[in-house]
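K.L.:
First the structure, which I've put down as structure tokens, then a few questions once you've had a look.
Taken together, the values in this text are just the output of simple stated rules run on the coordinates, not laboratory data. None of the values given here were measured: they were computed from a predicted structure. Because the Cβ atoms are built from the backbone with ideal geometry, glycine has one as well, and the counts that use them run over all protein chains shown.
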């Protein structure tokens, strides 16, 4: 246990949670592992600006506290435990809340395509799913994922949809995050050529509504 680690010393659930995940970089490690297990080198590459010693410290602490499992060999990666996976909804909600504070995407800010997948999950409002059975596919740079709506349930899944998607969108990661932050509407991105969408108008509008991007949707 690091002597420099800060503890709140309060008998409170929130303070107790922050004792475990409140240190800088910790939730970003969780963000990466929400997409699946990753080896040490993969985590280091996915977290630009984080030094190797700090990553090792954070991983050790999270393993000791039962949030992560340590890989048994070099071919395996760190993974979230059941306790760690319980952070999915809070992290997605926090990510969605944080979009309201995003400014202009300066050139010195990193963005990765797979973060777009988490952004989509954070934007989904299942109450807007409607009575349909269809899928929407997203190509963000070199990453593909899709949303499937069926029987009032919504799932966001990595990889292309197995059948014919009702809508296919293609864009880059910067544009995708700007749209999610509502700094740019999908229709502005379409007009500027930064986004392409294939599908019937009704499906495109249903997908936009599902993600809170339809015209008239309240901003953050």
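K.L.:
Please list the three semi-axes, largest first and in whole Å, of the ellipsoid equivalent to region 113-210, using sqrt of 5 times the eigenvalues of its alpha carbon gyration tensor.
P.N.:
Taking √(5λ) for each Cα gyration eigenvalue gives 19, 14, 13 Å.
K.L.:
For the residues 12, 207, what sequence is obtained by ranking on other C-beta atoms within 10 Å, fewest first?
P.N.:
Final ranking by Cβ density, sparse to dense: 12, 207.
K.L.:
With bins 10 Å wide starting at 0, give me the P(r) of region 13-86 over every alpha carbon pair, in whole percents.
P.N.:
Result returned by the calculation: 19, 60, 20, 1.
K.L.:
What list do you get for 70, 38 if you sort them by fewest beta carbons within 10 Å?
P.N.:
70, 38
K.L.:
Oh, and also: Based on DSSP H runs of at least 4 residues, each adding -39500 (n - 2.57), what is the mean residue ellipticity at 222 nm of the chain after dividing by all its residues, to the nearest 500 deg cm²/dmol?
P.N.:
Result for the chain, helices only: -11000 deg cm²/dmol.
K.L.:
Is region 16-58 rounded, prolate or oblate when judged by the Cα gyration tensor, a ≥ b ≥ c being the square roots of its eigenvalues, rounded requiring a/c under 1.5 and prolate requiring a/b larger than b/c?
P.N.:
Oblate, because a/c is 1.5 or more while a/b does not exceed b/c.
K.L.:
Hey, another quick one. What is the diffusion coefficient of the chain in µm²/s, taking the Kirkwood radius over Cα pairs and the Stokes-Einstein relation at 25 °C with a viscosity of 0.890 mPa s?
P.N.:
In µm²/s, the coefficient rounds to 130.
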